[in-house]
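Okay, so here's the structure we're looking at.
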Amino acid sequence: MNTANRQAILKLLVLIPTGRVVSYGQLADLAGLPGRARLAGRVLRESDTSALPWHRVVAADGRISLPAGSAEAQEQRQRLLAEGVIVTGRRIDMKKHQWRPDLAALLMLMDG
């Protein structure tokens, strides 16, 4: 895996605000890697994300994409709930909770 791509995805991951979520595809897009949703998922799966807000990344339709009933899926659900994200079953309302930074705000966050 390209180290620069991995770093770009992880750099974006830490910028996702509390109480907001992004899809894997959106994470890749914002990291400058359009169409690389699977790469974003792979980076999260293969990285030590214990200190990172990995739980703020969900499927494009708002679903928690970790296996239903798994400890990881339950942890993601609990972390999101603790941040005020409404989780109904395994789904998040993307219209309400999706992070949609404008380009200027994103550039300021990345430079800061």
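Which one of these is at pLDDT below 95 and on the phi > 0 side of the Ramachandran plot: GLY35, GLY62, GLY84, GLY69? Working first, answer last.
Details: GLY35 fails: at pLDDT below 95; GLY62 fails: at pLDDT below 95; GLY84 fails: at pLDDT below 95.
The conditions single out GLY69.
Looking for whichever is out of contact with any Gly (no Cβ under 6 Å at 6 or more places or on another chain), among the aromatic types (Phe, Trp, Tyr) and more than 17 Å from ARG6 (Cβ to Cβ) here; the options are TRP99, TRP54. Which one fits?
None of the others qualify; the one that does is TRP99.
Taking the residues in the range 41-57 that are in contact with a strand residue (DSSP E or B) (Cβ under 7 Å, 6 or more places away or on another chain) and hydrophobic (A, V, I, L, M, F, W, C) as candidates, determine which candidate is modelled with the highest pLDDT.
Step one: of the range 41-57, the residues in contact with a strand residue (DSSP E or B) (Cβ under 7 Å, 6 or more places away or on another chain) are 44, 56-57.
Filter once more, so that each one left must be hydrophobic (A, V, I, L, M, F, W, C): 44, 57.
Working: LEU44: 95, VAL57: 98.
Among those that are in contact with a strand residue (DSSP E or B) (Cβ under 7 Å, 6 or more places away or on another chain) and hydrophobic (A, V, I, L, M, F, W, C), it is VAL57.
Which one of the conditions (1) exposed (fewer than 15 other Cβ atoms within 10 Å of the Cβ); (2) under 22 Å from ALA73 (Cα atoms); (3) in contact (Cβ under 8 Å) with a residue 24 or more places away in the chain; (4) not polar (S, T, N, Q) does ARG38 fail to meet, given that it meets all the rest?
Checking ARG38 against (1) exposed (fewer than 15 other Cβ atoms within 10 Å of the Cβ); (2) under 22 Å from ALA73 (Cα atoms); (3) in contact (Cβ under 8 Å) with a residue 24 or more places away in the chain; (4) not polar (S, T, N, Q), the one that fails is (3).
Kindly list the number of the only condition in (1) surrounded by fewer than 16 Cβ atoms within 10 Å (Cβ to Cβ); (2) touching a strand residue (DSSP E or B) at 6+ places or on another chain (Cβ under 6 Å); (3) among the small types (Gly, Ala, Ser) that fails for GLY62.
Unmet condition: (1).
Considering the range 1-45 alone, what residues qualify as being among the polar types (S, T, N, Q) and more than 10 Å from the chain's Cα centre (by Cα)?
ASN2, THR3, ASN5, GLN7, THR18
The values are calculated or read from the model by the stated rules, or taken from the named source; none is laboratory data. Given the structure is predicted, the values throughout are model-derived calculations rather than measurements. Every residue, glycine as well, gets a Cβ built from its backbone with ideal geometry; the counts of neighbours run over all protein chains shown.
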